[in-house]
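This report concerns only the one structure given below.
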Amino acid sequence: MTAELVRGQNHPLSQSRLEIRISAGTPVAAAAALGDGNGRIHGTGWVAHPGAPVQPGLEVSRQAAADHRLAVDLDAMTDAVHRVSVLLALPAANAGAGPARFGSVAAPFVAVTGLDGTEVASYTITGLDLESAVVALELYRRQGVWKVRAVGQGYAGGLAELFADQGLSEAAQLAAGIDEAVAKGLARSVQAPPPRTPEGDRSRQAAAPAVGPDQGAASQGAPGPVPPAYGGQPAGGQGQGGPQPAYGGATDPHAPSGGPVDYSHPRRQTSAPPPPPPAAPPTQPGQPARPVAGDATGWSMEERLYNQVWGMFEDLARTAAAYRSAVDFAESRMDKELEQALSDPRSRIGGQGDAAREAARARYTHLVDQARTSLDRDLAQLVAESEVVEPALPPAFARWDNPCWHAYRVPMEIPMALRLGDLRLPEAESIRIPMLLRLPLERGLWIDSGRTDSLDGSFTDSHDMRRLAMDTAVAHAARLLAVYPAGEFTVHVVDPAGSGAQALAPLTQTGVLAGPPTQGAAGVTEVLARLTQRVDLVQMALRGGAPDALPPGFDTSQQLLIVNDFPHGFDDRAVNQLRYLVDEGPSVGVHLMMVADREESAGYGPLLDPLWRSLLRLTAVPDDHLADPWVGHAWTYEPPSVPPGSEVLRQVLTQVAEARRTWNR
């Protein structure tokens with residue numbers, strides 16, 4: 001039976017191999033500090049954190065996430081370790097973005113479980129306010145017996161203050177190193193969907209989640225306010241408007257009137273409930289429900305499909321996590337049994353030792369086979385669901401080979417999201433999950449043209465990588481142009497050396513660009529100055545509360561700048577302007593798509609590190625560099641590709657250009 005702890009309460013631990021599961025509802029960084037009998041940390045090597053996730057008997061997540069699974073082996077701890085403190089910190093607290101204190105987010109939940117998922121003890125950390133870091137709980141050894149204690153000690157000064165309080169002399173340096181590691185992890189993570197409201201929960205019967213009820217569907221980000229006409233997002237938000245508190249009846253102390261806060265979706269109608277999802281076809285008794293496209297409830301079929309795709313993504317992440325955990329448990333159990341068999345000299349040789357080893361291997365095979373059977377069952381359900389969902393996706397969510405593009409018409413409204421490619425895991429090669437990114441874009445895109453070895457072992461030279469990267473950028477830009485209404489999305493291209501002319505042909509020949517691609521250093525300077533001035537004007541109008549005061553004829557459409565061959569043609573001033581556009585542009589509808597090799601800009605040193613971290617890195621060949629927001633799997637990203645010989649890209653862009661000409665008349 002699970003012990004639900006309150007602050008200060010302890011509970012004995014009967015197992016040595018444990019998992020600590022964390023559900024925070026918003027991205028948090030998780031760490032664990034090892035302490036001696038007095039609780040003192042003897043150095044940075046006694047702390048497992050995203051920058052150094054593995055210590056003897058301890059492994060933590062490598063990035064910030066809403067959910068975490070920390071692995072603990074108490075038997076592997078050295079004799080000097082008497083305490084393991086589990087630490088949580090808000091990664092954005094020192095970056096000026098996102099929640100800066102635990103009092104503004106839902107109370108974190110921490111559970112200690114066995115490797116089979118059975119909860120031993122749990123603790124909900126309540127009573128936090130200004131704290132940005134907290135010691136959630138601690139495992140401690142007393143008289144040879146390990147116990148868990150609920151702590152809940154928060155620190156307004158963040159990790160630096162926490163480590164200093166733990167007696168660590170390098171507290172500030174370690175906290176800065178963790179912040180750096182977390183920032184790098186966030187830069188490679190896939191943006192999580194908004195949290196599901198009760199009316200938005202998925203009603204489909206899909207693969208069973210890979211974790212217990214303590215790690216429900218928590219994720220960060222919530223739908224934000226309606227952006228202004230130029231696509232700006234209000235300052236200070238996170239995700240699609242920042243995390244929402246868990247309880248709708250809470251009172252916001254910072255609200256002007258001090259009254260209850262309305263947490264309802266600002267774009268959603270409340271006069272009537274959404275229509276029910278499509279009913280699943282009848283099935284035979286004892287058989288799983290047959291999947292239906294759009295069976296996640298929502299206020300439109302687009303919202304249903306969006307929620308369903310994210311549900312499939314989450315289901316696959318968790319079922320793969322369960323399989324990996326089961327295999328790890330089976331391997332560790334076999335290793336322990338073999339070690340015990342070999343520890344007795346009398347059983348090292350002869351029939352008794354051989355029998356013990358064979359029995360250990362047989363138990364390992366049995367456990368792995370059981371885990372694989374469960375995984376295959378879940379994957380079969382997900383494959384069946386993918387087969388009905390993929391053909392039903394609208395153009396914004398669909399692959400280029402989907403027949404819906406042949407019936408394409410320029411839309412009248414901006415869609416919820418955009419497909420930027422596919423994601424898959426090695427355990428499920430047959431399943432491709434659409435990678436959907438919410439619109440308007442909140443981060444710039446970086447198409448990495450650096451030399452990369454493909455996952456299949458093939459080699460792509462630098463010339464081919466540049467060509468493939470530009471083809472990928474054009475495919476992304478074409479899709480963005482295709483999903484926006486006429487006149488609401490404008491694309492500029494900076495190609496200083498003209499090396500991308502061939503790849504840019506679909507954009508230039510159809511006339512969808514705002515002007516010919518800019519070449520030379522002078523052209524780079526002119527385009528960046530114009531877009532920088534645009535950002536300044538819109539920001540001044542918003543801050544002054546007078547968005548209608550913009551100059552007559554001001555283009556209020558979303559702006560996308562495609563930069564090829566960076567840093568060729570860029571001087572120091574142009575680089576600073578580019579960084580300014582990356583930081584300030586998305587909030588006022590100016591977005592960046594970089595096609596660049598990071599190594600070519602190595603001469604700038606650490607000056608450009610914030611630039612690369614703030615962009616979402618995508619590749620032109622399959623690469624396993626993206627992570628999910630739940631368990632942090634390394635997902636293989638596959639870029640979008642137009643079928644060989646297909647004219648769908650030009651046909652779509654031709655319609656976009658014609659709609660733009662009609663709109664401008």
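Confirm whether residue 76 is buried (at least 18 other Cβ atoms within 10 Å of the Cβ) and out of contact with any helix residue (DSSP H, G or I) (no Cβ under 7 Å at 6 or more places or on another chain).
Numbers: buried (at least 18 other Cβ atoms within 10 Å of the Cβ): no; out of contact with any helix residue (DSSP H, G or I) (no Cβ under 7 Å at 6 or more places or on another chain): yes.
So residue 76 fails the test.
Return the pairs, sorted by first residue and then second, in which the second residue is surrounded by fewer than 20 Cβ atoms within 10 Å (Cβ to Cβ) and in a loop (DSSP other than H, G, I, E, B), the first residue lies in the stretch 511-526 and is modelled with pLDDT under 95, the beta carbons are less than 6 Å apart, and the residues are 6+ apart or on different chains.
From the stretch 511-526, the pairs are 519/498.
In the stretch 613-639, what count of residues is obtained for those that are at pLDDT 90 or above and open to solvent by 30 Å² or more (accessible area, probe 1.4 Å)?
The number of residues fulfilling the criteria is 3.
In this structure, does residue 113 turn out to be open to solvent by less than 40 Å² (accessible area, probe 1.4 Å) and polar (S, T, N, Q)?
Details: open to solvent by less than 40 Å² (accessible area, probe 1.4 Å): yes; polar (S, T, N, Q): yes.
Answer is yes for this residue.
Return only the number of the condition from (1) touching a Pro at 6+ places or on another chain (Cβ under 8 Å); (2) surrounded by fewer than 18 Cβ atoms within 10 Å (Cβ to Cβ); (3) among the acidic types (Asp, Glu) that residue 180 does not satisfy.
(1)
Just name the residue that is nearest to residue 424 (Cα to Cα) out of those in the stretch 592-612 that are among the acidic types (Asp, Glu), open to solvent by 40 Å² or more (accessible area, probe 1.4 Å) and in contact (Cβ under 8 Å) with a residue 24 or more places away in the chain. Show your work before the answer.
At the first step, the residues of the stretch 592-612 found to be among the acidic types (Asp, Glu) are 597, 599-600, 609.
Filter again for open to solvent by 40 Å² or more (accessible area, probe 1.4 Å), leaving 599-600, 609.
Now narrow it down to the ones that are in contact (Cβ under 8 Å) with a residue 24 or more places away in the chain: 599-600.
Values: 599: 27, 600: 30 Å.
Applying the filter and picking the extreme gives 599.
In the stretch 41-64, is there at least one residue being assigned to a loop (DSSP other than H, G, I, E, B) and touching a Lys or Arg at 6+ places or on another chain (Cβ under 6 Å)?
Of the residues in the stretch 41-64, the ones assigned to a loop (DSSP other than H, G, I, E, B) are 41-43, 50-51, 53, 56-57, 60-64.
From what's left, touching a Lys or Arg at 6+ places or on another chain (Cβ under 6 Å): 50, 53.
Looking for residues that are assigned to a loop (DSSP other than H, G, I, E, B) and touching a Lys or Arg at 6+ places or on another chain (Cβ under 6 Å), one finds at least one in the stretch 41-64, hence yes.
Is there a residue being among the acidic types (Asp, Glu) and outside any strand (DSSP E or B) anywhere in the stretch 103-122? Steps first, answer last, please.
Our first condition is that a residue be among the acidic types (Asp, Glu); within the stretch 103-122, this holds for 116, 119.
Narrowing further to those that are outside any strand (DSSP E or B): 116.
Yes, the stretch 103-122 contains a residue that is among the acidic types (Asp, Glu) and outside any strand (DSSP E or B).
When residue 408 is evaluated against the numbered criteria (1) open to solvent by 30 Å² or more (accessible area, probe 1.4 Å); (2) out of contact with any Phe, Trp or Tyr (no Cβ under 9 Å at 6 or more places or on another chain); (3) farther than 17 Å from residue 385 by Cβ, which criterion, by number, is the only one it fails?
With respect to (1) open to solvent by 30 Å² or more (accessible area, probe 1.4 Å); (2) out of contact with any Phe, Trp or Tyr (no Cβ under 9 Å at 6 or more places or on another chain); (3) farther than 17 Å from residue 385 by Cβ, residue 408 is out only on (1).
Can you find even one residue in the stretch 636-653 that is under 22 Å from the mean Cα position of the chain (by Cα) and without any contact (Cβ under 8 Å) to a residue 60 or more places away in the chain? Reasoning before the result, please.
Residues of the stretch 636-653 that are under 22 Å from the mean Cα position of the chain (by Cα), as a first pass: 636-640.
Filter once more, so that each one left must be without any contact (Cβ under 8 Å) to a residue 60 or more places away in the chain: none.
No: the stretch 636-653 contains no residue that is under 22 Å from the mean Cα position of the chain (by Cα) and without any contact (Cβ under 8 Å) to a residue 60 or more places away in the chain.
Would you say residue 652 is assigned to a helix (DSSP H, G or I) and either open to solvent by less than 40 Å² (accessible area, probe 1.4 Å) or of a type in the set (S, T, N, Q) (or both)? So that I can check it myself, show each step before the final result.
On the way: assigned to a helix (DSSP H, G or I): yes; either open to solvent by less than 40 Å² (accessible area, probe 1.4 Å) or of a type in the set (S, T, N, Q) (or both): yes.
Yes.
Taking the residues in the stretch 296-323 that are more than 19 Å from residue 632 (Cβ to Cβ) and among the β-branched types (Val, Ile, Thr) as candidates, determine which candidate is modelled with the lowest pLDDT. Outline the logic, then answer.
Filtering the stretch 296-323 for residues more than 19 Å from residue 632 (Cβ to Cβ) gives 296-309.
Among the residues that remain, those that are also among the β-branched types (Val, Ile, Thr) are: 297, 309.
On the way: 297: 75, 309: 93.
Among those residues, the one meeting the criterion is 297.
The values are calculated or read from the model by the stated rules, or taken from the named source; none is laboratory data. Bear in mind the structure is a predicted one, so any value in this text is a computation, not a measurement. Using ideal geometry, Cβ is built from the backbone for each residue, glycine included, and neighbour counts are taken over all protein chains shown. Accessible surface areas use protein heavy atoms only, side chains included; no ligands, DNA or RNA. Shrake-Rupley method; radii C 1.70, N 1.55, O 1.52, S 1.80 Å.
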